[in-house]
Each structure stands twice: as C-alpha cells, then as structure tokens.
Amino acid sequence: MSTKIQTLTLAALMVTSGCGESQPPIEVAIPVVVDATGPGSAETDLGYRIELSEARFAFGNVRFLTGGSEHASLPARAYDLVIPSARAHPGHGEGGEVMGELPGDYEVDWVSEGDRDLGSATLLEGDYTSASLTLARFSEAPELSIRLAGTATREGESTDFTFEVAAPEGREITAIYFPHAITSELVPDGLLRFRFVFEEVFGQGHLFDGVDFEALATGGVVSFGATENDPIYLEVRRRLLSHDHVKFQLQE
C-alpha cells in the first residue's frame, strides 16, 4: 500500500468518532481485471456499427474515492488530518477523498486481453462514489496514450479506421463511475472489472456519434494520428479523455 494510504490508516487510529470509540479502518484487497465485454453492438447516430480490432490505453495512478457527509465518517475525518481541503489532491471535490488505490503502470488492450489480471487494489471499507486514473504513454510508442482501430459498417459498406491520441503529460481522468460499497465480505470472491464502453456512462451518446466514416475515408480507410486538427477527430479525442467511456464495476 502507498505511503498516502498508510498515513491515512495511522491517522484513523488517532481519531475518535462522535458516536463512540474509533476503530481501525479495515483494508480490503480486491483483484482488478480487464473486462472485454464493454464495447457493445450499439449503432452510432449515423447508423454505423463498430467492431474493434484494437482498444489500447496506457495509464496508471488509479485511485478510488468516497464522498463526504454531514456526519463525517471516521476515514473521511482521518483524511482531513492528513490532507487539509485547502491543499487537496487533484480531483478533490469531484467525488470525495482518496480511500483506495491500484498501484502500478499499465497498458491494456480490451480487445485481446479479456480477464487479464491487473493486480490487487487496496481499499478501505466504505461507500465509494468514483475513481480516477492518470493517462500515460505506450512503452513502444511513447508518442501515444490511446489507440483505437477497427471497422465501421453501414448498409453493407465497411470502412477501416484508426484513432490515435496523445494525452497531455499528467492528464487525469477523474469522476470515473464507481458507486459501490466496499466491505470485507467481498473477500475472497469480489472482483473489480475495468471496462471500456462505446455508450456514454453518464449520458445517451455513442463514442463515435457524428463521425461519418464513409465521408472521411480515403481509399476506404479513416486514419487519425495524434497531431490531427480535424474537428471530428478532436471531438472523439475529447470524449476519450473524459470519464464517459471507462468505468470500474464491482463483481461480488
């Protein structure tokens, strides 16, 4: 466990709640796996059906957050002792306080790596509201953070495509969907599934809404590199850098 979470645990031992004697926060270790079921068969608003051959992300610094309440929980009050709100971490106020993490740096391909074990996340017991991660760069292609490739088909006509994204250094994706209660009863069967999805987690749109693949194609191929300035590409890039197309899902 990281120094931050260790410090939080120690601070919690020093806090007495308003409802009685304090208890040490309980740590829960939960495996995190790649869930390849996310990209479904939903069509875009222009009638394209998307089939991916590659869906790669490079990322790290995964954190899990819990929200506050008027009657502050023991862990939340302990966190206030460690990191006052005036000096809060990035993402403070967009889901609560950091109460768990998955350490390490990762490169994931949701198409070819279904059920790959990413490691064990350590979380304190409690009700969680969101997660966050920091985008990185591929080891063999340090100019890229995300690469999607596949085929878009409409009325029997198919167009091959690639979308490549270079995230700004240190770019975080915050407020990722994670509204789950973590308890020690989840051990040993609980899993966290990391998913990439076409349809917006917090909305009604599709990642590729507005993309007319046939109109954009040259020789039946659409290819957008990380330095493109096309407005269609920039909109897809914006969506990929948001929290709308990744999620952590608890499997009990």
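The values are calculated or read from the model by the stated rules, or taken from the named source; none is laboratory data. Note that the coordinates shown come from a computational prediction; the quantities given were computed from them, not determined experimentally. Note that we place each Cβ from the backbone using ideal geometry, even for glycine, and neighbour counts take in every protein chain shown. Calculation scope for accessible area: heavy atoms of the full protein, side chains included, ligands and nucleic acids excluded. Shrake-Rupley method; radii C 1.70, N 1.55, O 1.52, S 1.80 Å.
Annotations for the structure displayed:
- Residues (closer than 11 Å to residue 31 by Cα and either open to solvent by less than 50 Å² (accessible area, probe 1.4 Å) or free of Cβ contacts under 8 Å to residues at least 60 places away in the same chain (or both)) located in region 177-192: 186, 188, 190, 191, 192
- Some residue of region 196-210 being touching a helix residue (DSSP H, G or I) at 6+ places or on another chain (Cβ under 8 Å), open to solvent by less than 40 Å² (accessible area, probe 1.4 Å) and closer than 21 Å to residue 59 by Cα: yes
- Residue match in region 234-242 (condition: open to solvent by 70 Å² or more (accessible area, probe 1.4 Å), in a loop (DSSP other than H, G, I, E, B) and not basic (Lys, Arg)): no
- Which numbered condition residue 211 fails, given (1) modelled with pLDDT of 95 or more; (2) more than 14 Å from residue 160 (Cα to Cα); (3) in a loop (DSSP other than H, G, I, E, B): (2)
- Selection count, region 117-145, where residues are within 13 Å of residue 182 (Cβ to Cβ) and either without any contact (Cβ under 8 Å) to a residue 24 or more places away in the chain or part of a loop (DSSP other than H, G, I, E, B) (or both): 3
- Of the criteria (1) surrounded by 15 or more Cβ atoms within 10 Å (Cβ to Cβ); (2) within 30 Å of residue 231 (Cβ to Cβ); (3) at pLDDT 95 or above, which one residue 157 fails: (1)
- Flag if residue 74 is open to solvent by less than 50 Å² (accessible area, probe 1.4 Å), farther than 30 Å from residue 140 by Cα and modelled with pLDDT of 50 or more: no
- When region 93-116 is limited to residues that are at negative phi and part of a loop (DSSP other than H, G, I, E, B), the one that is modelled with the lowest pLDDT turns out to be 94.
- Considered as a group, the residues in region 21-40 that are open to solvent by 80 Å² or more (accessible area, probe 1.4 Å) and polar (S, T, N, Q) include one that is modelled with the lowest pLDDT, and that residue is 23.
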